[in-house]
Amino acid sequence: MYSIKMRSSQQNEHISGAETICCKAEIDDILLSFFKKGFNHENGEVDFLNLKVEKVTSPLTAIQSLPIYDNNNNIYDLALQVNLSQDVLQKAWSYIEDNNNYSGAIILSANNGQRLDDTDLRGIRVTNFMFDSQHNYNDRVQDAIAIASCINRFTGVIAELCVSDDLNYTTGYFATTSSGYHRIKNIKQTGSRHGGRVIFVDDTLNLDAYRNFLETLPKKVIDAKS
Ligand code: PML
């Protein structure tokens with residue numbers, strides 16, 4: 001298997017990214033589709049695009065996909081189900097709405113909203129994963145479900161909030177292992193580059209182990225019943 005990664009930018013500002021793990025025969029097609037995705041983007045004119053192909057040498061860890069719900073629930077109601085307070089949610093929003101361009105997720109204490117990772121503007125990234133699923137959702141949604149499944153299926157993770165930083169993509173999600181992946185329409189106004197991922201965790205979570213799980217371990221997200 002091979003890991004394929006793409007990222008594009010304009011004057012070092014993130015424009016687009018994508019990744020998967022595939023077999024040798026699929027590499028050409030995936031490179032082309034990632035190139036098209038990264039090079040022609042509504043976020044702006046690309047002046048740098050990087051495509052990386054790397055052999056995966058260790059076995060893939062299987063992760064069950066979260067169930068997906070399109071019921072447009074209220075974030076505050078969903079947060080309440082996992083005992084996240086409005087104050088903590090408000091702190092998460094302040095990271096999503098600040099003018100920093102975090103390339104990965106911010107990790108907050110579910111208890112008091114304090115930031116726990118020390119990665120500054122980088123954040124924690126979910127990498128080295130593929131999605132092997134029968135879902136009929138488009139690539140963007142499939143990608144988001146795969147990332148949310150990796151993020152949430154780790155002991156000590158309480159929930160995740162995600163808002164796209166794409167100018168005109170206004171559907172976000174709130175995910176937890178217990179209640180699944182909830183798509184939320186109009187989570188932000190159109191025309192805004194604000195966005196990001198915030199992960200709420202128990203204070204006892206081992207951050208080094210979690211970071212290794214998200215960033216290094218090769219992962220394969222599978223349908224819950226397969
Ligand atoms: C992104 O593409 O930047 C994140 C998208 C999150 C929402 C995906 C969905 O529509 O369910």
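The values are calculated or read from the model by the stated rules, or taken from the named source; none is laboratory data. Computed from a predicted model, the values in this text were never measured in an experiment. Every residue, glycine among them, receives a Cβ derived from its backbone with ideal geometry; neighbour counts consider all protein chains shown.
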- Hey, can you tell me all the residues within segment 199-226 that are surrounded by fewer than 16 Cβ atoms within 10 Å (Cβ to Cβ), part of a helix (DSSP H, G or I) and not hydrophobic (A, V, I, L, M, F, W, C)? ASP208, ASN212, GLU215
- Message: Here are the criteria: (1) in a helix (DSSP H, G or I); (2) modelled with pLDDT under 95; (3) not β-branched (Val, Ile, Thr). Tell me which single one ASP29 does not satisfy.
- Response: (2)
- In segment 80-123, which residue that is part of a loop (DSSP other than H, G, I, E, B) and among the charged types (D, E, K, R) is nearest to ILE15 (Cα to Cα)? ARG122
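For ASP77, state whether it is assigned to a loop (DSSP other than H, G, I, E, B) and more than 16 Å from the ligand (Cβ to nearest atom).
Values: assigned to a loop (DSSP other than H, G, I, E, B): no; more than 16 Å from the ligand (Cβ to nearest atom): yes.
No; evaluated as a whole, the condition is false for this residue.
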- Query: Looking at (1) within 11 Å of the ligand (Cβ to nearest atom); (2) farther than 18 Å from ALA224 by Cβ, which is the one condition that is false for VAL141?
  - Reply: (2)
- The lone exception for ASP165 - which of (1) in contact (Cβ under 8 Å) with a residue 40 or more places away in the chain; (2) more than 13 Å from the ligand (Cβ to nearest atom); (3) part of a loop (DSSP other than H, G, I, E, B); (4) buried (at least 17 other Cβ atoms within 10 Å of the Cβ) it fails: (2)
- Message: With the requirement that a residue be surrounded by fewer than 19 Cβ atoms within 10 Å (Cβ to Cβ), of a type in the set (Ser, Thr, Tyr), near the ligand (Cβ under 9 Å from one of its atoms) and in contact (Cβ under 8 Å) with a residue 60 or more places away in the chain, what does segment 168-188 give you?
- Response: none
